[in-house]
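Quick notes on the structure that follows.
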Amino acid sequence: MPLFFFTVEQQERAIVERFGKFVRVAGPGLQTKTPFIERVAGRMSLQVEQLNSQIETKTKDNVFVQVKLAVQYKVGMGEQQVQDAYYKLDDPEVQMQSYAFDVVRSHIPSMDLDEAYADADTIAMHIQETLHAQMGEYGYEIVKALITNIEPDQRVKDAMNNINAAQRNQVAASAQGDAQKTLAVKKAEGEKETMRLQGEGVAAERMAIAQGLHESLDVIAQHGLDLKEAMALVALTQYTDMIRALGEASNTNTVLLPHSPSSVGDIMSQIRDGILIADAASRETGARPRAIPPAGGAAASR
């Protein structure tokens, strides 16, 4: 039975020869042959196979890289393609590898490393087109050509990572500087508004003090008291209030000066004398005498 019949598997083709000369391509299933005259010279698989290779080349910026390439190929289903694949090439993978190396080494050296990474698909397309045109003469079809990786030396990768980290640090420092600038501007604007409001508060406070002193002097005048004595009393009261405020405050620096009850009397005398001198000076100039509360007493209380 083996002399007359033979079988061919699915996705497979058998090469039948007669006295060493090609006769036909046998398809899948049960096939016949003439015993002692014809023989099955070989079998060709039509399944897709993959060729993995690694190519070392140099980029435009003088970086040596390892290009990992994967080529998926198969024998064509036509009888002529099967015949050509069996008889024309002894080792098809070596042939495909040579064509792939030629394409890679003609494209990669014209690109720098970044361009090679970015145009990997374009290089793979050129490899596929070249192999399809060249290997088609030998009965092979190129299903897909892929560049799976472009790997430079480890020192180059470390340098690239350092450059990337430095650039990111520079961007972060710039952003941090902008944030600090914004905070400083906002802080200055806040301090400006605070000082403006504090100034308005101080002005309003002083107006209220002046109004209160005016009303107090009117009340004193209505009861028949001497205006000069009243001014001296008000100034003394302001002074004692200031001393008490300094003593009660917990966040101020208090300057201690020699102080005694006699000193208080001296201060009151000085205030009274100042009022009398101012009154006498106004009379000499012909101006109407008026009582002016000492600014030092009111300011000292603040």
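The values are calculated or read from the model by the stated rules, or taken from the named source; none is laboratory data. All of these numbers come straight from a predicted model, not from anything done at the bench. Cβ: placed from backbone, ideal geometry, glycine included. Neighbour counts: every protein chain shown. All accessible areas refer to the heavy atoms of the entire protein, side chains included, with ligands and DNA or RNA removed. Shrake-Rupley method; radii C 1.70, N 1.55, O 1.52, S 1.80 Å.
Neighbours of MET77, meaning other residues whose beta-carbon lies under 10 angstrom from its beta-carbon, give a summed charge of 0 when Lys and Arg score +1 and Asp and Glu score -1.
Which of the lysines could a cross-linker span from LYS181 if the Cα-Cα distance has to be under 22 Å and same-chain partners fewer than 8 positions apart are dropped? Cα-Cα hits under 22 Å: LYS192. Per residue, the accessible area of region 23-130 comes to 54 Å², computed with a 1.4 Å probe over protein heavy atoms only.
Dipole size of region 114-233 about its Cα centre, with +1 on Lys/Arg Cβ and -1 on Asp/Glu Cβ: approximately 480 debye, rounded to the nearest 20.
Here the Karplus relation 6.51 cos²θ - 1.76 cosθ + 1.60, evaluated at θ = phi - 60°, turns the backbone of region 185-202 into coupling constants of 5, 5, 5, 5, 5, x, 5, 4, 5, 5, 5, 5, 5, 5, x, 5, x, 5 Hz, with x for every Gly and Pro. Averaged per residue, region 131-187 has 71 square angstrom of accessible surface, using a 1.4 angstrom probe with ligands and nucleic acids left out. The Cβ shell under 14 Å around PHE101 holds other residues with a net charge of 0, Lys and Arg each +1, Asp and Glu each -1. Please report the carbon-and-sulfur percent of the accessible area for region 50-208; probe 1.4 Å, protein heavy atoms only, DNA, RNA and ligands left out. Carbon and sulfur together cover 51 percent of it.
Determine, from the Cβ-Cβ distance of GLN80 and VAL40 and an R0 of 22 Å, the FRET efficiency 1/(1 + (r/R0)^6), rounded to the nearest 0.05.
Details: r = 19 Å, r/R0 = 0.86.
Between GLN80 and VAL40 the formula returns 0.70.
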